[in-house]
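The values are calculated or read from the model by the stated rules, or taken from the named source; none is laboratory data. Nothing here was measured: the structure is a model prediction, and the numbers come from that model. Backbone-built Cβ (ideal geometry, glycine too); neighbour counts: all protein chains shown. Protein only, heavy atoms only, side chains kept; ligands, DNA and RNA dropped before computing areas. Shrake-Rupley method; radii C 1.70, N 1.55, O 1.52, S 1.80 Å.
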Amino acid sequence: MTVPVSLGMPDGPQPVLAPRRTTRQLMVGSVGVGSESPVSVQSMTTTKTHDVNATLQQIAELTATGCDIVRVACPRQEDADALKEIAAKSQLPVIADIHFQPRYIFSAIEAGCAAVRVNPGNIKEFDGRVKEVALAAKDAGIPIRIGVNAGSLDPRILSKYGKATPEALVESALWEAGLFAEHDFHDIKISVKHNDPVTMVRAYELLAEQCDYPLHLGVTEAGPAFQGTIKSAVAFGALLSKGIGDTIRVSLSAPPVEEVKVGNQILQSLGLRPRKLEIVSCPSCGRAQVDVYTLADQVTAGLEGMEVPLRVAVMGCVVNGPGEAREADLGVASGNGKGQIFVKGEVIKTVPEAMIVETLIEEAMKIAEQMERDGANATEGATPSVVVG
């Protein structure tokens, strides 16, 4: 007998903490950036850009992970020469990242890149070349990101403030944006990055008060995966929860795909991106009657790659287990060598502990197949989940 499954999809979009700050709108290739578009996730390749095949392979991996926009470094002429082929073959809009040499800005524009990131603090005589850059970008119909970094702040601003304060970062960015505006160029997005989340958050708050340009969020040099994830999540959460931020990049000392995974999860957690698979599991304690750590890891591995919005709960004791499992789309409450399997609040079977993982994966696949048949996987705001505890 087939048990009917109610997925409990909410009506309308998922609530968010605050409305988006209203900004100008621009396009980076096919991706809209600004308050009229979803917050996008970016990353940056770590390959040598002139190694075209390796760079395109990494872009393909980023695409598969859910990246929206990719940035590539362009420190040498051979990198600039490779941009045309990369931009033509990339599945994602390509932003050329330019430092030191202004001539590479024009190479990137001519190569067909979707946007150019410039760092005014370390490009030679940049202020005197703004008119040329503005005209070239306007003719090509591409935006410019003014990327101010604490570690490469314009020497004039650094001398004035003594260090990279929030006010210094904002003044530098708005000065450069003002130079572009003098030449009637306004397709600009701005970043004011710092490695300290508190300084970074304050800088973006000040910037948001003083302009209507789209903002690219980033904690620069955030650190190894664990530390960088925490710093980025704290800073992005503080800003996005106030509606500040239009595109993000999580900077980790880790493979770029890990940056994208973290970025997507941050947006999903804030209701700014439709949720996919979500595993809810208890931290375990002396009440646990099952190895929750192993169980959660095995369920996560077995459902890796699932695209439907499914919440799965893995619970390990009788205190919170049944309640959490009932709240999920699919869940298990474990104890006494067995597990009660819940589908949308109803116990559908009880299985031996050794069969919990197998059963959860099997039931998850059934739900996913039903959602695909019903077209539910295309419903915005759907939030099925899996809880483990």
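Residues of segment 223-259 that are more than 13 Å from M200 (Cβ to Cβ), among the β-branched types (V, I, T) and in contact with a strand residue (DSSP E or B) (Cβ under 9 Å, 6 or more places away or on another chain): T247, V257. Restricting to segment 109-165, what's the tally of residues that are modelled with pLDDT of 90 or more, open to solvent by 60 Å² or more (accessible area, probe 1.4 Å) and either of a type in the set (D, E) or closer than 24 Å to L26 by Cβ (or both)? Total satisfying the criteria: 6. Scanning segment 52-76 for residues that are open to solvent by less than 70 Å² (accessible area, probe 1.4 Å) and farther than 19 Å from A114 by Cα, which turns out modelled with the highest pLDDT? Taking the candidates together, the pick is A54.
Out of curiosity, is E132 acidic (D, E), over 26 Å from the mean Cα position of the chain (by Cα) and part of a helix (DSSP H, G or I)? For E132, the condition - acidic (D, E), over 26 Å from the mean Cα position of the chain (by Cα) and part of a helix (DSSP H, G or I) - is met.
Can E209 be described as surrounded by fewer than 16 Cβ atoms within 10 Å (Cβ to Cβ), assigned to a helix (DSSP H, G or I), at pLDDT below 95 and more than 20 Å from the chain's Cα centre (by Cα)? Here the answer is no, as E209 does not meet what is asked.
Going residue by residue through segment 234-252, is there one that turns out to be of a type in the set (K, R) and free of Cβ contacts under 8 Å to residues at least 60 places away in the same chain?
Initially, segment 234-252 is screened for residues of a type in the set (K, R), giving 242, 249.
Next, only the ones that are free of Cβ contacts under 8 Å to residues at least 60 places away in the same chain stay: none.
Scanning segment 234-252, I find no residue that is of a type in the set (K, R) and free of Cβ contacts under 8 Å to residues at least 60 places away in the same chain, so the answer is no.
When segment 239-265 is filtered for residues that are farther than 18 Å from C67 by Cα, open to solvent by less than 20 Å² (accessible area, probe 1.4 Å) and either out of contact with any helix residue (DSSP H, G or I) (no Cβ under 7 Å at 6 or more places or on another chain) or part of a helix (DSSP H, G or I) (or both), the ones remaining, listed by number, are L239, L240, G243.
Considered as a group, the residues in segment 195-206 that are modelled with pLDDT of 95 or more and not charged (D, E, K, R) include one that is farthest from M44 (Cα to Cα), and that residue is L206.
Restricted to segment 48-80, and to residues there that are hydrophobic (A, V, I, L, M, F, W, C) and in a loop (DSSP other than H, G, I, E, B), the residue that is farthest from R249 (Cα to Cα) is C74. Is it true that some residue in segment 144-163 is in contact with a Pro (Cβ under 9 Å, 6 or more places away or on another chain), part of a helix (DSSP H, G or I) and over 17 Å from D97 (Cα atoms)? Scanning segment 144-163, I find no residue that is in contact with a Pro (Cβ under 9 Å, 6 or more places away or on another chain), part of a helix (DSSP H, G or I) and over 17 Å from D97 (Cα atoms), so the answer is no. The one condition from (1) at pLDDT 95 or above; (2) touching a strand residue (DSSP E or B) at 6+ places or on another chain (Cβ under 6 Å); (3) crowded, with 21+ Cβ neighbours inside 10 Å that E176 does not meet is (1). Considering segment 95-108, and only residues there that are over 14 Å from H50 (Cα atoms) and open to solvent by less than 20 Å² (accessible area, probe 1.4 Å), the residue that is farthest from the chain's Cα centre (by Cα) turns out to be P102.
Remark: E304 matches the filter, which requires a residue to be at pLDDT below 90 and not hydrophobic (A, V, I, L, M, F, W, C).
Scanning segment 320-360 for residues that are open to solvent by 70 Å² or more (accessible area, probe 1.4 Å), at pLDDT below 85 and under 32 Å from the mean Cα position of the chain (by Cα) gives N320, E324, R326, E327.
Once segment 217-238 is narrowed to residues that are assigned to a helix (DSSP H, G or I), open to solvent by less than 50 Å² (accessible area, probe 1.4 Å) and of a type in the set (A, V, I, L, M), the residue that is modelled with the lowest pLDDT is A225.
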